[in-house]
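Report on the structure given below.
Rule-based calculations on the coordinates, nothing more; no lab input. The model shown is predicted, which means the values in this text are computed figures rather than measured ones. Every residue, glycine among them, receives a Cβ derived from its backbone with ideal geometry; neighbour counts consider all protein chains shown.
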Amino acid sequence: MLRFKPPIYEVEAFTSATAQRQMPVYLLPASGEALSSWLLRLCARMGVPPAILARNSFGIDTRAEAWWWRRPTAAQLERISERTGIAADTLAELTFKGWAGARNDEIDERFAPHRFNRNNIYPGGVRPVAVCPACLAEDETPYIRKEWMIGWTSMCPRHRVVLATQCQTCDAKLRLPGLASSVIPRIGFCHHCGVSLAGHASERARTAPLLMQEKLLVIKATNCGKLPGMGVLDWQTIIAAIDLVLGVVWVKGAGRLRERLFEAIACDLELGCEARLDIDWTSNYGTTVLLAWLFGHWPERLRKLWVTMEAPAIDAAVDRIAPIAAKSLQHLRCLCASVKSETIDRRKTAIDWLMALPETSDDLRRRAQKAYHSGLRRKLMVLAVLRNGTDLCAAATSAKLSPDIVLAWLETGMEYGLEAVIGKPLRGRDLSEDQEREIGAWLATIRGRTRGLGAWSAGHIQHEILGRFGILINAATAHRMLHVHAPPPSPASPEHSLPRQSTK
């Protein structure tokens, strides 16, 4: 029995049995709308929670089939058509029937580094959603486009902007009620503060990722397509290749290598030097920029990525991909066959730099004897031993250090000079007001570097500040400055904040 009182409409006594079964509200789907959005708008018009409408009107248990609307059965579409008066073929166009699916590619934030290897898909209640505020502002009644419900789409091709995933008023992640929800939905409003999402400012999308998203959507819709240098591919192979790349790029402890890759991408795509810091690489949009760079010149760019990230043998990386169809796996191996380990002997390159320095082994030893700090004295002695021709591993072992630490010292010296390795790092109180202000202003402009998988370490901040400002600070100061000057979350505006809606 329905727990709501429907509005009263006058009907004639001789109405047919089919018409009696239809609902009292007739609502046409909007252009490009998702079936779930249309059903939620229908619920709002009738004042009925989605779970009740699905169960009592259509006989669908949303608790057992939370994502049924993506690819509903013919019987479900016919039932909905009978009750709503909308043709079953029209309803099918609102779904992903006939579209390819692979490796949970439709879950939200699918291309984000924390999502590509997981499969939780918010079975009920609400789910995260990305929207175009400009599209919502043009709608007579706000609705959700079908493409927005794919877990990796990040741009609106109509307005050429990046889809919004957070409320600009309260900074809450945007969420959409699921069809298992017991709350009457409001599309186009923040579920947390209640403010309208229409017309909010949006980040401009670049042309290269827009074109890449368009190509991926076509291939997903047809399960077959062609990418430059890769030939004709099915959707499962493409998603497996993307997961292969994401697994290499977002490996832990590769922050400096990752930033070097992002800088190369921004340079190759002619996005500008600051794009490395402007783009949120941990988002769907950031990954689409990476894919536009990668798939635009395959396999040359794949080799460049592999060398930049100092990745292991590509065959081993392919083997770690979760099980896929044998045909797709074979195709993926063929795509990656041309990428062999073009390893660069980092140790030899670093030692060659050290040997080319004007300072001799005796010079470094004399500086070590005069050094007051024990850590600096040990560092100078290691460099002196290396300068004398000792093997890197042997020099590191004699100083009770890891070879990777010594190698990192040498690479820092190669990039910024010897004084960047043996110079005395400045503390916070050693910085002038102008230096503190200048560094703080720059740190306030970066985003996505304070938390999460792509967060910078204190050592990475030291390198960034040294390269940009020529100032070597210690790790404690770098860590403090990043968190003091990090971009704050958007504050809630009192004039736009509304009380959270009751779920009763």
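With an a/c value under 1.5 for the gyration tensor axes a ≥ b ≥ c computed over the alpha-carbon atoms, the range 346-422 is described as rounded. Helix 35-46 and the long axis of the chain differ in direction by around 50°, with both axes built from C-alpha atoms. The mean sequence distance of close C-alpha pairs (under 8 Å, at least 6 residues apart), as a share of the length of the range 346-422, puts its relative contact order at 30 percent. When 481, 414, 155 are arranged by Cβ crowding within 10 Å, least crowded first, meaning fewest neighbours, the order is 414, 481, 155. Legend: translational diffusion of the chain by Stokes-Einstein, Rh = Kirkwood radius over C-alpha pairs, 37 °C, 0.692 mPa s; D = 124 µm²/s. For the pair residue 373 and residue 139 in one chain, pulling the backbone fully straight at 0.36 nm per residue adds 77.5 nm over the alpha carbon distance. Within the chain, DSSP assigns beta bridges of which about 95% are antiparallel (rounded to the nearest 5). Think of it this way: in the chain, 43, 224, 267, 273, 334, 336, 393 stand alone, with no other Cys Cβ under 4.7 Å.
The amide H of residue 473, built 1.01 Å from its N in the peptide plane, has 426 as neighbours under 5 Å, considering only residues 5 or more places off or on other chains. Here r is the Cβ-Cβ distance between residue 436 and residue 260 and R0 is 22 Å; the resulting FRET efficiency, rounded to 0.05, is 0.20. Between the Cα long axis of helix 326-336 and the first principal axis of the chain there is an angle of about 40°, rounded to the nearest 10.
Straight Cα distances below 20 angstrom link residue 400 to the aspartates and glutamates 391, 411, with same-chain residues fewer than 8 positions distant left out.
For the range 125-253, what relative contact order do you get, as a whole percent, if you take Cα pairs closer than 8 Å and at least 6 residues apart? After rounding, I find 24 percent. Look at the alpha carbon pairs under 8 Å that are at least 6 residues apart: their mean separation over the length of the chain gives a relative contact order of 14 percent. Ordered by the count of other Cβ atoms within 10 Å of each Cβ, fewest first, 370, 97 give 370, 97. Taken along the Cα-to-beta-carbon direction at a fixed 7 Å, the label points for residue 160 and residue 75 span 4.9 nm. Ordering 245, 232 by the number of other Cβ atoms within 10 Å of each residue's own Cβ, fewest first, gives 232, 245. Computed over the alpha carbons of the range 30-184, Rg followed by Dmax gives 15.3, 43 Å.
Note on residue 330 and residue 87: the extension gain reaches 83.3 nm, defined as 0.36 nm multiplied by sequence separation minus the Cα-Cα distance. Taking amide hydrogens as placed 1.01 Å from N in the peptide plane, the amide H of residue 189 sits under 5 Å from those of 197, each at least 5 positions away in sequence or on another chain. Between rounded, prolate and oblate, where does the range 428-485 land on the alpha carbon gyration tensor, with a ≥ b ≥ c its root eigenvalues, rounded for a/c under 1.5, else prolate if a/b exceeds b/c? It is prolate, given that a/c is not under 1.5 and a/b is the larger ratio. With θ taken as phi - 60° and the Karplus curve 6.51 cos²θ - 1.76 cosθ + 1.60 applied, the whole-hertz 3J(HN,Hα) list for the range 283-296 is 9, 4, 5, x, 5, 5, 4, 4, 5, 4, 5, 6, 6, x Hz, x standing for glycine and proline.
For the pair residue 338 and residue 61, label points projected 7 Å from Cα toward Cβ lie 5.2 nm apart.
If you fit an axis through the alpha-carbon atoms of helix 235-249 and take the longest principal axis of the Cα set of the chain, what angle between them do you get, 0 to 90°, nearest 10? For helix 235-249, the angle is close to 30 degrees. In sequence order, the range 384-398 has phi-based couplings of 5, 5, 5, 5, 7, x, 6, 4, 4, 4, 5, 5, 5, 5, 5 Hz under the Karplus curve 6.51 cos²θ - 1.76 cosθ + 1.60, θ = phi - 60°, and Gly or Pro positions carry x. Each distinct pair of alpha carbons in the range 210-336 adds a 1/r term; the inverse of their mean, the Kirkwood radius, is 15.1 Å. Under 5 Å from the amide H of residue 161 lie the amide H atoms of 156, 205, each residue being 5 or more positions distant or on a separate chain, with H modelled from the backbone and absent for Pro and chain starts.
Calculated mean residue ellipticity at 222 nm for the chain: -13000 deg cm²/dmol, from DSSP H runs with n ≥ 4 weighted as -39500 (n - 2.57), summed, divided by the residue count and rounded to 500. Using only side-chain charges placed at the Cβ, +1 for Lys and Arg and -1 for Asp and Glu, the dipole size of the range 396-445 relative to its Cα centre rounds to 280 debye.
Given the pairs 252/327; 173/304; 215/327, which are separated by over 28 angstrom at their Cα positions? Over 28 Å Cα-Cα: 252/327; 173/304.
Under the combined filter of DSSP loop state and at most 11 neighbouring Cβ atoms within 10 Å, the range 342-412 retains these chymotrypsin sites (Phe, Trp or Tyr not before Pro): 372. Along the range 477-483 the Karplus relation, 6.51 cos²θ - 1.76 cosθ + 1.60 evaluated at θ = phi - 60°, assigns HN-Hα couplings of 5, 4, 5, 5, 5, 4, 7 Hz to successive residues, with x for each Gly and Pro. Normalised by residue number, the volume inside the convex hull of the Cα atoms of the range 281-344 is 103 Å³ per residue.
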